[in-house]
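Here the structure is laid out as structure tokens; the discussion comes afterwards.
What follows draws every value from the coordinates through simple rules; no lab data is involved. The shown structure was predicted, so the numbers you read here are calculated from the model rather than taken from an experiment. Cβ: placed from backbone, ideal geometry, glycine included. Neighbour counts: every protein chain shown.
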Amino acid sequence: LYDIQSVADVTEDAFPGYGEIITQVWRIKQLEYTWLRSLMQAYQDFDAVTRDSLAYTLRVLGLAYESEAFERVIEKYLHLDLYPDAAETLAALRPRKLAILSNGSPDMLNALVRNSGLDRLLDATISVDAKKVFK
């Protein structure tokens, strides 16, 4: 439903010339952290994983940053772009019950769904947070 790569414009604005590499490394590290934390039974919610993986990415690329730039990039996760056909496809699936199962923490997930307008199409948002293990 959501284009994770839509963070690239914000990362490019915050770190000119590095947007694409930040976006790629950040996502890879984000996934690695979810897998490792699940395997180690050391759960932290997806907001923490997202922040930790961005901090890692900026550190490994040798990029200094102000907290304002960091927060602006993180904030994009609450406003990810929908894939072009996402809303139309969900609407076409009505009257079936529709839900999202996500690694996102409840606060992140609920804000994202509300900000994208999918709250009008979905019956539920389900986070792995309740079970404390990533999918």
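Residue count for segment 89-113 under the criterion of being surrounded by fewer than 18 Cβ atoms within 10 Å (Cβ to Cβ) and more than 14 Å from the chain's Cα centre (by Cα): the result is 10.
Restricting attention to segment 16-35, the residues that are in contact (Cβ under 8 Å) with a residue 40 or more places away in the chain, more than 17 Å from LYS135 (Cα to Cα) and either of a type in the set (Phe, Trp, Tyr) or in contact with a Leu (Cβ under 6 Å, 6 or more places away or on another chain) (or both) add up to 1.
Quick one: in segment 1-20, of everything that is over 12 Å from the mean Cα position of the chain (by Cα) and exposed (fewer than 15 other Cβ atoms within 10 Å of the Cβ), which residue is nearest to GLU71 (Cα to Cα)? Restricting to residues being over 12 Å from the mean Cα position of the chain (by Cα) and exposed (fewer than 15 other Cβ atoms within 10 Å of the Cβ), the top hit is ASP13.
Checked against the criterion of being part of a strand (DSSP E or B) and over 11 Å from LEU1 (Cβ atoms), the candidates ILE126, ILE100 yield just one match: ILE126.
Among (1) free of Cβ contacts under 8 Å to residues at least 60 places away in the same chain; (2) surrounded by 15 or more Cβ atoms within 10 Å (Cβ to Cβ), there is one condition SER38 misses while meeting the rest; what is its number? (1) is the only condition that SER38 fails.
Selection of segment 45-54 for residues being surrounded by 15 or more Cβ atoms within 10 Å (Cβ to Cβ) and out of contact with any Gly (no Cβ under 7 Å at 6 or more places or on another chain) yields ASP45, ASP47, VAL49, THR50, ARG51, ASP52, SER53, LEU54.
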